[in-house]
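Structure record follows, encoded as structure tokens.
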Amino acid sequence: MDKIDRKIVNILQTNARASLKDLSKECFISSPAIAARISKLERSGIIKGYQADINLKKINFHVKAFIQVQLEPRQKKEFYPYIQNIPNVIECNCVTGDFSEVMEVVFPSTTDLDDFINDIQQRFGKTSTQIVFSTSVDHRGVQLSDPQE
């Protein structure tokens with residue numbers, strides 16, 4: 001990745017709908033050159049996709065929480081397919097520490113969250129949950145800088 005590629009990635013992380021024309025103005029190269037660079041970034045897997053940033057509260061998902069799950073290594077074969085099929089799980093990570101998985105989840109209510117936690121506990125065991133009161137920094141991209149800076 002060169003300086004122009006990093007600039008393209010930074011702009012697209014802020015606004016995935018930036019036009020080729022706008023990108024070419026910002027990067028001082030032609031629109032076809034921008035399109036070729038974006039295509040190359042997609043093929044290489046640097047750009048994995050494009051998503052709309054949804055206000056979850058506007059679609060009645062008022063509760064966000066982080067749930068940690070303590071799994072035995074043998075349980076992962078069952079846990080991963082199970083969790084993949086739960087649309088309320090917006091992210092799940094294998095981590096170090098006393099708990100082996102941490103999930104970010106959203107639900108319409110605490111009752112729905114409680115039902116999910118009960119199901120996880122019955123299937124897999126111990127959990128620890130933190131309900132989010134507010135978010136000071138929303139999900140955002142990682143701004144790429146020139147390695148020589």
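If R0 equals 30 Å, the separation of the Cβ atoms of Phe66 and Gln143 corresponds to a calculated FRET efficiency of about 0.75. In units of the compact-protein estimate 2.2 N^0.38 Å, region 1-88 shows a Cα radius of gyration of 1.58. For Glu101, the residues whose modelled amide H falls within less than 5 Å of its own, excluding neighbours fewer than 5 places apart on the same chain, are Val69, Leu71, Val95. Coupling constants for region 45-51 follow from the phi torsions by the Karplus curve (6.51 cos²θ - 1.76 cosθ + 1.60, θ = phi - 60°), and in residue order they are x, 5, 9, 8, x, 9, 9 Hz; glycine and proline get x.
Backbone geometry of region 6-11 corresponds, through the Karplus equation with coefficients 6.51, -1.76 and 1.60 at θ = phi - 60°, to 3J(HN,Hα) couplings of 4, 5, 4, 4, 4, 5 Hz, x marking Gly and Pro.
Only protein heavy atoms count here; on that basis, with a 1.4 Å probe, Lys40 has an accessible area of about 120 Å². In this structure, the amide hydrogen of Ile47, modeled 1.01 Å from its nitrogen in the peptide plane, lies closer than 5 angstrom to those of Glu42, counting only residues at least 5 positions away or on a different chain. Treating r as the C-beta distance of Thr135 and Arg6 and R0 as 25 Å, the FRET efficiency rounds to 0.40.
Dipole check for region 50-115: with +1 at the C-beta of Lys and Arg, -1 at the C-beta of Asp and Glu, and the Cα centre as origin, the magnitude is about 160 Debye.
Simple spin-label estimate for Ser19 and Lys57 gives 3.3 nm between the two label positions (7 Å along the Cα-to-Cβ direction from each Cα).
For region 113-128, backbone phi angles converted through the Karplus equation (6.51, -1.76, 1.60; θ = phi - 60°) give residue-by-residue couplings of 4, 4, 4, 5, 4, 4, 5, 4, 5, 5, 7, 10, x, 5, 10, 9 Hz, Gly and Pro being listed as x. Seen through its C-alpha gyration tensor, with square-root eigenvalues sorted a ≥ b ≥ c, region 58-149 comes out oblate because a/c lies at 1.5 or above while a/b is not bigger than b/c. When only alpha carbons are used to place a centre, region 14-79 and region 112-135 end up 26 Å from one another.
The local environment of Phe107, defined by Cβ-Cβ distances under 13 Å, has a net charge of -3 under the rule Lys, Arg +1 and Asp, Glu -1. The residues neighbouring Leu41, those whose beta-carbon lies less than 15 Å from its own, together hold a net charge of +4 under the Lys/Arg +1, Asp/Glu -1 convention. Along the chain, the longest continuous region that contains none of the chymotrypsin sites (Phe, Trp or Tyr not before Pro) in a DSSP loop with at most 14 other C-beta atoms within 10 Å is 51-132.
The values are calculated or read from the model by the stated rules, or taken from the named source; none is laboratory data. Computed from a predicted model, the values in this text were never measured in an experiment. All Cβ positions, glycine included, derive from the backbone under ideal geometry; neighbour counts span all protein chains shown. Please note that ligands, DNA and RNA were not included when accessible areas were found on the heavy atoms of the full protein model with its side chains. Shrake-Rupley method; radii C 1.70, N 1.55, O 1.52, S 1.80 Å.
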